[in-house]
1. May I ask you to verify whether residue A:343 is within 14 Å of another protein chain (Cβ to nearest Cβ) and not in a helix (DSSP H, G or I)?
2. Looking for whichever is modelled with pLDDT of 95 or more and under 23 Å from residue A:388 (Cα atoms) here; the options are A:229, A:257. Which one fits?
3. Could you count how many residues in the stretch B:267-296 are crowded, with 24+ Cβ neighbours inside 10 Å and away from every other protein chain (no Cβ under 14 Å)?
4. Which numbered condition trips up residue A:73, out of (1) within 14 Å of another protein chain (Cβ to nearest Cβ); (2) closer than 29 Å to residue A:136 by Cβ?
5. For residue A:205, which of the numbered conditions (1) in a helix (DSSP H, G or I); (2) crowded, with 24+ Cβ neighbours inside 10 Å; (3) touching a helix residue (DSSP H, G or I) at 6+ places or on another chain (Cβ under 6 Å) fails to hold?
6. Take the stretch B:236-261 and flag every residue that is more than 10 Å from chain A (Cβ to nearest Cβ), assigned to a loop (DSSP other than H, G, I, E, B) and buried (at least 20 other Cβ atoms within 10 Å of the Cβ).
7. Specify which of the listed residues (B:180, B:150, B:125) is free of Cβ contacts under 8 Å to residues at least 40 places away in the same chain and more than 14 Å from every other protein chain (Cβ to nearest Cβ).
């Protein structure tokens, strides 16, 4: 056997090892950086961000993995995420709103193993979480929590006028007429914002209609249910609301209720939480009731949030450890959810009766069973075409056209044409 | 160097050689230009070429794309929102630039007079230009807000509006008026100060001569001020046209392109389609749609300015 000199041995092993590392493009375990970064949105419940930072410190202490969390405002997310994807560099983990896992599908790591672990612990994911993060048979993100849309009303005005809390969208019309007469109109935006879609969708579904079929291709907006939807909006606009709803932003209905003008709005529970935090006089007067239904059932849009890991991340395993730590440990997850004061609620079945709902009697309506939660555009999967239909605000614009004088059939035909063009594009 | 018949090479110190090299124009010029050129290539040329590439591809965020020729540009024309945007861009830019021009000349003439607190007033005029656009537009958003509109409150109390006043951001013509008003407010200082600089440079003797010939203030303005200002006006209008066409902040904050797409501009629609919906190819095509037109406008303007100058 040929003897190997000390220099040759060192040269061969070092060279081969380095070549192996370079070929695999993964540093050896001992040399791997145990540091991950997470790009998050500025939560509408800021206390949840603060709590998350505390949890991150404990995570580092317990696991030795350093975690850096960066926060950005949600309108900046698309541009920032697009930049990270285009450059294939950036954070390891990213917070995903609504349909984002579909948008960035090819860039996200398969996290089915993580979701399976979590579902084993907390029960199945709610329908909207599944619709958002389960992309073409693969979990591309791990559902974290969701923010509910819920009818919010001025309890004092209802009592004063002897009004019955509505149970259907039709009953809301009866109530709304009285509220407007009292100078406290219903506040549902009909403008180019997401709250407009978040109400129009549930009303359409409750009447039994859809925008696009479950197949994601066939446009179904021109239907008797849509005619009912348009008629309902027209009479609501005429008798229960004021023209200001045509220019409302996502925050306007909250502000209208908090400032004492609106008598009923459809919005996440933030309107109440903010009024309570700012000690506004209206805080004591606001309450919530069960989601409204119709012949097609009781549906709501909610805002599911999930957490994804970019495929280009070089620290997938440590990133998964963070997800397990935050969502998999019941005591940590509970602590985090409690910090949001019912603004963000668990998205897993067995956690639906969460203690946070018992922290204030006004949260009781949030736990009402029998409500189905969906993404925009349901029952069609949130593909790129459905996203373009949603982001082009076709349904709110159809409704805005109708309430401002365009004949119903013409407005619906316009929406159908626009949707079909997008489908064909 | 040759000493007698012996060739001697003398190496000058490095410092001297560098100094000699820098004395040569053909070296110093490119040296000074290179950093700027590098920045231009990196920050302007590269993104522009990428945008061109995206516009002729079916690029979708993070997915493989391929060349589709002019399909994006043709498809866009099928979209009602795009056609509306196209129209809005011309209405918005035309009316805003015209108003800024008229008001800018008026303001500049006013500022050129002997006023008290001249410097303070000139400084104050610049304020709208100094405040970050998104922030000042947010202020306007409150002023036009349907719930708390101070514009309507004032109008109603002055008796010029019937309660509850116009729904500024909820009706298409009012919404367009609102975005134009904010753009004019924001862009007016640029016009006023630049035109003022042009006014100051006009020799007083020309006015004195015109006055001696019996020309009144209006005649002096038409026959002295305006012709001598025209190169400055052309440049100001050119810049403003480009900036106004590509405006984003004002519409994004005030109306998000609504109601019913009646205030969308190319930039806001491009963001909606390209970033929020992931269709980068279409988004890039929207932003570049008017590029050839703008190039033509720039060419015509610069030609005009050159003719005026020589």
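1. On the way: within 14 Å of another protein chain (Cβ to nearest Cβ): no; not in a helix (DSSP H, G or I): yes.
The answer is no for residue A:343.
2. Details: A:257 fails: under 23 Å from residue A:388 (Cα atoms).
A:229 is the lone residue from the list that is modelled with pLDDT of 95 or more and under 23 Å from residue A:388 (Cα atoms).
3. Total satisfying the criteria: 0.
4. (2)
5. (3)
6. First pass over the stretch B:236-261, keeping only residues more than 10 Å from chain A (Cβ to nearest Cβ): B:236-251.
Next, from what is left, pick out any that are assigned to a loop (DSSP other than H, G, I, E, B): B:246-248.
Correct list: B:247 only.
7. Numbers: B:180 fails: free of Cβ contacts under 8 Å to residues at least 40 places away in the same chain; B:125 fails: free of Cβ contacts under 8 Å to residues at least 40 places away in the same chain.
B:150 is the lone residue from the list that is free of Cβ contacts under 8 Å to residues at least 40 places away in the same chain and more than 14 Å from every other protein chain (Cβ to nearest Cβ).
A quick yes/no check of all residues on (1) more than 14 Å from chain B (Cβ to nearest Cβ); (2) in a helix (DSSP H, G or I):
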residue: A:353; (1), (2): yes, no
residue: A:357; (1), (2): yes, yes
residue: A:365; (1), (2): yes, yes
residue: A:376; (1), (2): no, no
residue: A:379; (1), (2): yes, no
residue: A:382; (1), (2): no, no
residue: A:388; (1), (2): no, yes
residue: A:397; (1), (2): no, yes
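The values are calculated or read from the model by the stated rules, or taken from the named source; none is laboratory data. Computed from a predicted structure; not experimentally measured. We place every Cβ from the backbone using ideal geometry, glycine too, and count neighbours over all the protein chains shown.
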